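Down below is the structure, laid out as structure tokens.
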Amino acid sequence: MFINFQALGCRLNEAELETWASQFMQYGHQVTNDAGEADIVVFNSCAVTAQADRKSRQQIGRLQRANPAARLVVTGCHASLQPDAVKNYLGVDLVIDNKSKEQLVDRTLQLIGDKAGAGASVEPDFDGALNALLQRGRHRGFIKIQDGCRYRCTYCIVTLARGDERSRSEAEILAEIRRLHRQGVQEIALTGVHVGGYGSDIDSSLYRLLSEVLEHSDIPRIRLASVEPWDLPDHFFELFDNPRLMPHMHLPIQSGCDSVLRRMARRCRTDEFARLVDKARGAISLFNITTDLIAGFPGESEQEWLQTMKFIERVGFGHIHIFPFSARAGTKAAGLPGQVDSATKKARSREMHELAAQLKHRELRRHLGGRVQVLWERQCGGDGTQWTGYTPHYHRIVSHDPQLRASSISTVTIDAVSADGAVLVNRALQPQVTLADFGRHAARG
Ligand code: SF4
């Protein structure tokens, strides 16, 4: 059978797709990137914002219309928060909530009457399987290390959709990393819901897991996906002395004002966050910090917003994901007084986007003249002769070197920053090149 995998939302959703794809391939099924030709479509949905919820519903409708004959399996946060509604969506054959994701492959094989896999007792030997990740045109393996979160940030629906913290064993994670490396994957990113809470339920920790991965695997590049800016030990950044651990962390700050952080029930105040960033930059020069920020949280006064703008400018970030506050039914924040009107949310998001672009340009200029190892991912640019990839600091870079290949790693000089200040450039390419150039090529696929 041909199986198509789709996901919306976070890296964790992507990591789960990779695991399922490998498992289905082990039972003799094939991965297709075309939902229109698939016998089964697996959709890992998202509900982090009202917009993501809407997009998930629309995507399910699109998948059903694109291939009414296919079996449609829906999982993820949108399906977990409203399983009965999703069960009644046209064309949905199976709904798997987040807590039952480990059984997704089994239950799907039962759905199609595939005895081979359903309830198979033997541990599948993934080595034989072609790497689903590369087959899907991806070059970075997202490794799920844990699920769930013990905290209750007042705006967060994820903690409700994904449940309590549960960690995968170090041995399981190491085996998956080694397998991906054997299959040609050069880079992995450790992901979860509360990555910093890894090991809280199995007498381990993120620090210990990273030490194990650095010591007992040979994969050249190791990244961390989003990590809440707390629960990290003082000596955490020593790990980055190992050049295989990429000098970038995504630390969601959400607001740069302590009174707003209190209403969000966040476990980190601005001074603690600034100290954490100083530690990272003290450990590794040009350490890249990126973040998430909510604009227009309930009760956010003009004064509080100005504090946030000042704090963000003071810290400086390589990239900022900016979200206008989205009230999620079932969260405390949805019921808080002083809901901010959408025009103000839009205006504050726009202001933050402008500041974020300046900070990114400033950050990229610091790398000019440097020599960096890049994992090249795909061709881009108008005529397809350019390649794009990421530096260890997780900055996008382009090069005009026809020798490059997907999933290859090479060392290049950073000659320029693109005209729109968004991308690093390696020689032979005119600074006029902008991010839009990639978009056009990427859109063509
Ligand atoms: S720590 Fe993260 S996942 Fe947990 S409740 Fe807060 S925002 Fe949600």
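The values are calculated or read from the model by the stated rules, or taken from the named source; none is laboratory data. If you're wondering where the values come from, they're calculated on a predicted model, not measured in any experiment. So basically every Cβ, Gly included, is an ideal-geometry build from the backbone, and we count neighbours across all protein chains shown. To get the accessible areas, we keep the full protein, side chains included, count just its heavy atoms, and leave off ligands, DNA and RNA. Shrake-Rupley method; radii C 1.70, N 1.55, O 1.52, S 1.80 Å.
General remarks:
- For the stretch 206-217, the criterion of being within 16 Å of the ligand (Cβ to nearest atom) and of a type in the set (Gly, Ala, Ser) is satisfied by no residue at all.
- Selection status of LEU293, closer than 23 Å to VAL340 by Cβ, open to solvent by 40 Å² or more (accessible area, probe 1.4 Å) and aliphatic (A, V, I, L, M): no
- Residue list for the stretch 152-161, filter: modelled with pLDDT of 95 or more and open to solvent by less than 30 Å² (accessible area, probe 1.4 Å): CYS153, THR154
- Residue among SER408, SER418 that alone is buried (at least 18 other Cβ atoms within 10 Å of the Cβ), of a type in the set (Ser, Thr, Tyr) and at pLDDT 90 or above: SER418
- Only one of ALA7, ALA47 that is open to solvent by less than 10 Å² (accessible area, probe 1.4 Å) and within 22 Å of HIS250 (Cα to Cα): ALA47
- The residues in the stretch 168-182 that are out of contact with any Pro (no Cβ under 9 Å at 6 or more places or on another chain), surrounded by 17 or more Cβ atoms within 10 Å (Cβ to Cβ), of a type outside the set (A, V, I, L, M) and farther than 15 Å from GLU212 by Cα can be counted, and the count is 1.
- Residue match in the stretch 280-289 (condition: among the aliphatic types (A, V, I, L, M) and out of contact with any helix residue (DSSP H, G or I) (no Cβ under 9 Å at 6 or more places or on another chain)): no
- For LEU190, the stated conditions do not hold, so it cannot be described as modelled with pLDDT of 95 or more, within 16 Å of the ligand (Cβ to nearest atom) and either in the same structural domain as LEU375 (by TED's automatic domain parsing) or open to solvent by 10 Å² or more (accessible area, probe 1.4 Å) (or both).
- Filter result (over 22 Å from the mean Cα position of the chain (by Cα) and within 16 Å of the ligand (Cβ to nearest atom)) within the stretch 252-263: VAL260, LEU261, ARG262, ARG263
Here is a yes/no grid of residues against (1) open to solvent by less than 20 Å² (accessible area, probe 1.4 Å); (2) β-branched (Val, Ile, Thr); (3) in the same structural domain as ALA21 (by TED's automatic domain parsing); (4) at pLDDT below 95:
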{"position": "LEU72", "(1), (2), (3), (4)": "yes, no, yes, no"}
{"position": "HIS78", "(1), (2), (3), (4)": "yes, no, yes, no"}
{"position": "LYS87", "(1), (2), (3), (4)": "no, no, yes, no"}
{"position": "ASP97", "(1), (2), (3), (4)": "no, no, yes, no"}
{"position": "GLU102", "(1), (2), (3), (4)": "no, no, yes, yes"}
{"position": "GLY119", "(1), (2), (3), (4)": "no, no, no, yes"}
{"position": "ASP127", "(1), (2), (3), (4)": "no, no, no, yes"}
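- Condition check for ARG223: more than 16 Å from the ligand (Cβ to nearest atom) and basic (Lys, Arg): yes
- Residue check for SER285: of a type in the set (Gly, Ala, Ser), away from the ligand (no atom under 16 Å from the Cβ) and at pLDDT below 95: yes
- Tally, over the stretch 286-302, of residues that are more than 19 Å from the chain's Cα centre (by Cα) and of a type in the set (S, T, N, Q): 1
- Scanning the stretch 386-425 for residues that are of a type in the set (Gly, Ala, Ser) and at positive phi yields SER407, GLY421.
- If you go through the stretch 313-335 and keep only what is open to solvent by less than 40 Å² (accessible area, probe 1.4 Å) and under 21 Å from ARG362 (Cα atoms), you end up with VAL315, GLY316, PHE317, GLY318, ILE320, ILE322.
- Among the residues of the stretch 17-35, none qualifies, meaning not one is assigned to a strand (DSSP E or B) and within 28 Å of ILE294 (Cβ to Cβ).
- Number of residues in the stretch 344-390 that are open to solvent by less than 70 Å² (accessible area, probe 1.4 Å), more than 25 Å from the chain's Cα centre (by Cα) and modelled with pLDDT of 95 or more: the value is 5.
- For the stretch 296-312, filtered to residues that are part of a helix (DSSP H, G or I) and open to solvent by less than 70 Å² (accessible area, probe 1.4 Å), the residue that is nearest to GLU363 (Cα to Cα) is ILE312.
- Residue within the stretch 167-182 that is within 16 Å of the ligand (Cβ to nearest atom) and touching a residue at least 40 places away in the same chain (Cβ under 8 Å) present: no
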